[in-house]
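What follows draws every value from the coordinates through simple rules; no lab data is involved. Here the structure is a predicted model, which is why all the values come from computation and not from measurement. Please note: Cβ atoms are built from the backbone with ideal geometry, for glycine as well, and neighbour counts cover all protein chains shown.
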């Protein structure tokens, strides 16, 4: 089998890490992909993303830094204290190992490797590195720690200094390249179809089968013809459809063609449920496999969904076991435990409210209009006390929409979701469009609703906050440009525990320069790869000369900012950065304010 030397891959990593230009990053990936044999294209993509597979089934690779320090010491024949000192000096185990390896000749290679094994005796290869990293990730049970260390030592004894830098960053989950999935899709389109404009074609396949390694290998081996054969199937989560947001009921009705299906928007966790016979898999909106967190939901799907093979979408909500009332999202997150699942299930029982069906007994339904999907959903679901269809109603007037909205809020929901009933009301995988529109609590009045923003930078604290971050630079997402644009600095709402934990929480995403996907006029003390999503609330949205969200959309040389922003205490671990509040949503909220209140002044630097 053809392979690629790992040194070639890390040379590209070094160049990618050094650039802040997304176009340059894409060009580098194109060059890399064109040099990569199709047989290992999937492994190159996985390693470049810092994973060993797709999000829904990749084993966790994060190895504790203490273990990597021991491995470096063993590989180089050094004292652990010497490695610890080098790590403390550089703050990066990869850089520390690289410097030490340039000074110290590695010990003799272990004798148990033979030429038939996956690692070449002379040079590391991508295939060999991937196989041994997989061995590290899958090691479990008694002796797992020693297996991880001995395997990592073996890799390091073959590695050149620069290779060691990226190997150790990979195993500790701190590769920090900042390569987005959409950038990889752009590079695949250019590399194997000849034009960036072909990305939408590959992206559709990726939305159906969101495994970048699989898609990359398929397009490298078979081009367009291979991509055409990608179909929805049970066990592989589909990229979830997203919604726009509007504040005016009349505008919503008009936007959706004069009538729409309105559903309760429950304050829970969105779940994609896959059923094949008695097997049930649950995936989060981030495509993580969360089946083990909800054994009661698995049993409900198994018992009350009458289909051999089916893919459904719904919302899982925590219930008060004494009253049956719905509990807020924060309480449901107690179910996201690795251990004591039975105890959490008893304390926070779950209910499921299903709202869509994407696949049924051999046929994909994503291209069917919503009324047909809803009919199929009703046919296969036998409602029970804790598994129901999302409450819905067809409305034709703003008054009917407001009445249904107020009913939803009174029953503990966030608001309602308004959905098109037109003939083209397909399921738009991975897209945010006007077929679904969110209408949430208090949009109609002022900014008392929350937004979900992405941490892209931080500023060092002073006084009581010395030694931690005093404020975080937050950004909204622009789907059209696939970038994150700053909208505020958040320093309020954090508890003492939050402040103490923030550096540790953000450290895996820290990088040495502004990320290529971040558009900022401000210079942060520390920059991060966009990943962590926080829920934020503020007094209002104002014009700002400092922030880049909607820059030039309302006033030349002015963006939009959130005035007096405050962290609500809610870490949106259920959301990817691309699921954050969009630039367009911020613009719509600003326009609403202008209609219902006096014009606002430009924001001060305190924003």
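Results, tabulated for the structure shown:
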| quantity | calculated |
| --- | --- |
| Coordinate range along principal axes, alpha carbons of segment 344-472, Å, largest first | 62, 38, 32 |
| Efficiency of FRET from Cβ geometry, residue 388 and residue 259, R₀ 22 Å, rounded to 0.05 | 0.40 |
| Percent of alpha-carbon pairs separated by more than 49 Å within the chain | 12 |
| Label-to-label distance, nm, for residues given as residue 19 and residue 397 (7 Å Cα→Cβ offset) | 5.8 |
| Relative contact order (%) - segment 6-171, alpha-carbon pairs under 8 angstrom, separation at least six | 30 |
| Calculated Rg and Dmax of segment 181-228 using C-alpha coordinates, Å | 8.9, 22 |
| Order of 125, 291 under a 10 Å beta carbon neighbour criterion, fewest first | 291, 125 |
| Normalised contact order of segment 233-284, rounded percent, pairs of Cα under 8 Å and 6 or more residues apart | 37 |
| Between helix 6-18 and the chain: long-axis angle, C-alpha atoms, 0 to 90°, nearest 10 | 50 |
| Degrees separating the helix 212-228 axis from the principal Cα axis of the chain, which is the longest one | 70 |
| Rg/Rg_ref, segment 488-565, where Rg_ref = 2.2 N^0.38 Å and atoms are Cα | 1.22 |
| Helix axis angle, 65-76 relative to the chain longest principal axis, alpha carbon, degrees | 20 |
| Efficiency of FRET between residue 89 and residue 197 - r from beta-carbon atoms, R0 56 angstrom, step 0.05 | 0.75 |
| Relative contact order (%) - criterion: Cα under 8 Å, at least six apart; region: segment 1-56 | 41 |
| For segment 314-368 and segment 35-62, distance of Cα centres in Å | 30 |
| Cα centroid separation, segment 14-29 to segment 574-591 (Å) | 27 |
| Segment 212-262: Cα Rg divided by the 2.2 N^0.38 Å rule of thumb | 1.91 |
| Tail fraction, Cα-Cα pairs, segment 187-305, threshold 23 Å, whole percent | 52 |
| Fraction in percent of alpha-carbon pairs per bin - 5 Å, segment 451-596 | 2, 11, 21, 25, 21, 13, 6, 2, 0 |
| Distance cut-off 26 Å, percentage of C-alpha pairs in segment 6-171 lying past it | 27 |
